[in-house]
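Each value in this text was obtained by applying a stated rule to the coordinates, not by laboratory testing. None of the values given here were measured: they were computed from a predicted structure. Neighbour counts are summed over all protein chains in view; Cβ atoms, including those assigned to glycine, are modelled from backbone coordinates with ideal geometry.
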Amino acid sequence: MNEYVAAAIIGVVEGLTEFLPVSSTAHIRITQDLLRLPLDDEYWKMFSIVIQLGAILSVVCYFSKRIVQFLRSFPGGESGRRRWWNHPLSLVAISFVVTAIPCFLLDKFIGEMLENKTAIGIALIVGGVVMWLVDKSFSNSPTTHDIEGMTLRQSVVIGLSQIFAAAFPGTSRSMSTIAGGQIMGLSRSAALEFSFFLSIPVMIAATSFKLLQFAVQSPAEISLHQWQMLAVGFAISFVVALAVIVWFMTWVKKHGFVPFAIYRIAAGLIVLLWL
């Protein structure tokens, strides 16, 4: 297959799955396998990480007004009654730190799990079941309807829940943060919005770390052809992810997360049967 076509396909998969609670890592890993790309090639490993920056940029674009609003209202918040440590920006930062330190220590383990498709299939199924149960059990009685009303305790628990997604590819970062938020009393829309905001520092840090590793470990320079493939994947992931965010924010308010739970379970079973 033409490598530009392969780069475009992976960009579409990244954009479609990065923010849906279905695990972009699992989908990209399986897509690369189906496209018969050399999975031990350091460039393609780096490629799948870098194009996530396109998805991150789509979040920044979509929530640009909210981000500016948070920056202007720091540290007192819109009501003027918040403190620097429980302002939405601080809560995102705290969740990020809670997630980042364990994930950095588990980096080698996480890399090994990425190669284990059986673990990915099981994680898809288990995550689907958890999402289904959580959405059915906690969506009707939220205590926090927007992230301006979140507490420090809620942000810490959401950060802890995200560690499972990093340690077990196929779990889904989005699923973990949404489910963790719902368990802690957030409404569907509040849990989803906080998940989007938390994705910005988490994905920037993860991408930067992997790029640094690639630069240190890979002796070969990236060719013009490879830079062009990166540009294709990046641009497509940005456009597709932006469309997904617009659609997903509306969908969740009316339908919830159960359809994605069913999809996860079906996808996990297919992966295990395929193996």
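Put in order of Cβ neighbour count within 10 Å, fewest first, the listed residues 249, 175, 184 become 249, 184, 175. Within the straight-line cut-off of under 26 Å between alpha carbons, the lysines reachable from residue 108 are 45, 117, 210, sequence neighbours fewer than 8 places apart in one chain being disregarded. Note on the chain: dipole from Cβ charges, positive end direction compared against 38, 131, 167; the farthest Cα belongs to 131. Among 89, 106, 217, which residue has its Cα furthest toward the positive end of the charge dipole of the chain, with +1 on Lys/Arg Cβ and -1 on Asp/Glu Cβ? Farthest along the dipole direction, towards plus: 89. With kT/(6 pi eta Rh) evaluated at 37 °C and eta = 0.692 mPa s, and Rh the Kirkwood radius from Cα pairs, the stretch 98-173 diffuses with a coefficient of 235 µm²/s according to Stokes-Einstein.
Based on the Kirkwood approach, the hydrodynamic radius assigned to the chain is 19.0 Å, with every pair of different Cα atoms included. Counting neighbouring Cβ atoms within 10 Å and putting the fewest first, the residues 87, 255 line up as 255, 87. Bridging of residue 254 to lysines at a Cα separation below 28 Å is possible for 65, 136, once same-chain residues fewer than 8 apart are set aside.
Taking label points 7 Å from Cα along the Cα-to-Cβ direction, residue 152 and residue 93 give a separation of 1.4 nm.
Averaging Cα coordinates gives a centre for the stretch 114-135 and one for the stretch 65-84; these two points are 36 Å apart.
Within the stretch 53-164, all pairs of alpha-carbon atoms sorted by distance into 10 Å bins from zero give the percentages 12, 29, 38, 19, 3, 0.
Report the trypsin sites (Lys or Arg not before Pro) located in the stretch 1-57 that are in a DSSP loop and have at most 16 other Cβ atoms inside 10 Å of their Cβ, or state none. In loop regions of the stretch 1-57 (DSSP not H, G, I, E or B), the sparsely surrounded trypsin sites (Lys or Arg not before Pro) are 36.
Under the simplified labelling scheme, the residue 222-residue 78 pair shows an inter-label distance of 3.9 nm, with each label point 7 Å from Cα along Cα→Cβ.
May I ask for the Kirkwood hydrodynamic radius of the stretch 172-275, worked out over all distinct Cα pairs and given in angstroms to one decimal? The partial results should precede the final answer.
Numbers: mean 1/r = 0.0600 Å⁻¹.
Evaluated over the stretch 172-275, this radius sits at 16.7 Å.
Fully extending the segment from residue 106 to residue 65 would add 11.2 nm, taking 0.36 nm per residue of separation and subtracting the current Cα-Cα distance. Extension gain for residue 133-residue 251 works out to 40.6 nm (0.36 nm per residue, less the C-alpha to C-alpha distance).
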